[in-house]
Amino acid sequence: MRRGFHLLLIGAVVFLAALPVGAQPDAPPAWAQVPPAGEQVRQLIADLSGDQPGVARRELETLADTGDDDARYALAWTHATRRLGAASSPEQAERLLQQGVERGHPTSVLARAIAAEAAGNEGDALYFYNLAAELDEPLAMVHLGRVHEAGKLGLGRNQKLAARFFRQAHETGLVTGTYELGRCYLEGVGVSPDALTAVRLIREAAEGG
């Protein structure tokens, strides 16, 4: 009985290994870790799993076609994460993402930075992180803070600049920025250690989720 099970298992492994590469589902691109923003588009994405996914998709496409940059990014994201099933297209995801970058959409620019970093293109990653931060994308500010603190993307370590980016993210209301700034005060990263300020900021971040 056990020998038969082992033979069945080995046969299954051999079968899967023999599948064409194209038959294996592709992993989402690195930039897809950046979730779409906007209550309306998030609801439409949720509706893709509901009773009328076609209606939700058409509404999302209509918003994107009318110039809603959040909807365009959300549509790119749904293609990249295969939320559209067989209709999902990595090529369409890339085309929509590039449109958002060219239009100066902050989330799209941040996604392009993450894609460049994942591909090992340090110069492009740094350029797009800085551009996204200039466009007031708070997550880009956090990324830049971590980059300067660790000395990544070909840069030397600069703790003062790291703390400055974390502060900018905090001032936008992003709780991750608030936490990172609190950690800076706790550990003396780019600022003078201040336990009271550290506790206040970290508590604020915790209360913010």
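The values are calculated or read from the model by the stated rules, or taken from the named source; none is laboratory data. Keep in mind the model is a prediction, meaning the values are calculated, not measured. Positions of Cβ are backbone-derived with ideal geometry, glycine not excepted, and every protein chain shown enters the neighbour counts. Ligands, DNA and RNA are excluded from the accessible area calculation, which covers all protein heavy atoms including side chains. Shrake-Rupley method; radii C 1.70, N 1.55, O 1.52, S 1.80 Å.
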Qualifying positions in region 105-116 - in contact with a Pro (Cβ under 8 Å, 6 or more places away or on another chain) and either of a type in the set (Val, Ile, Thr) or not in a helix (DSSP H, G or I) (or both): Thr107
Search result, residues across region 144-164 that are part of a helix (DSSP H, G or I) and either of a type in the set (Val, Ile, Thr) or open to solvent by 50 Å² or more (accessible area, probe 1.4 Å) (or both): Arg146, Val147, Ala150, Gln159, Lys160, Arg164
Count - residues of region 108-130 that are closer than 21 Å to Ala163 by Cβ and touching a Gly at 6+ places or on another chain (Cβ under 9 Å): 1
Those helices (runs of 4 or more DSSP H) lying entirely in region 1-104 with at least 3 residues at pLDDT 85 or above, within 19 Å of the chain's Cα centre (by Cα) and of a type in the set (A, V, I, L, M, F, W, C): 39-47, 69-80, 90-102
Members of region 165-199 found to be acidic (Asp, Glu), farther than 15 Å from Asp136 by Cα and either open to solvent by 50 Å² or more (accessible area, probe 1.4 Å) or over 27 Å from the mean Cα position of the chain (by Cα) (or both), listed by number: Glu187, Asp194
Filter result (under 14 Å from Glu117 (Cβ atoms) and aliphatic (A, V, I, L, M)) within region 134-171: Leu139, Ala140, Val142, Leu144, Val147, Ala150, Leu153, Leu155
In region 34-60, the residues that are touching a Leu at 6+ places or on another chain (Cβ under 7 Å) and more than 16 Å from Ala87 (Cβ to Cβ): Val34, Val41
Leu131 vs. criteria at pLDDT 95 or above, out of contact with any Ser or Thr (no Cβ under 9 Å at 6 or more places or on another chain) and open to solvent by 10 Å² or more (accessible area, probe 1.4 Å): yes
Hey, Ser108 of a type in the set (Gly, Ala, Ser), at pLDDT below 95 and either over 30 Å from Gly50 (Cβ atoms) or open to solvent by less than 40 Å² (accessible area, probe 1.4 Å) (or both) or not: no
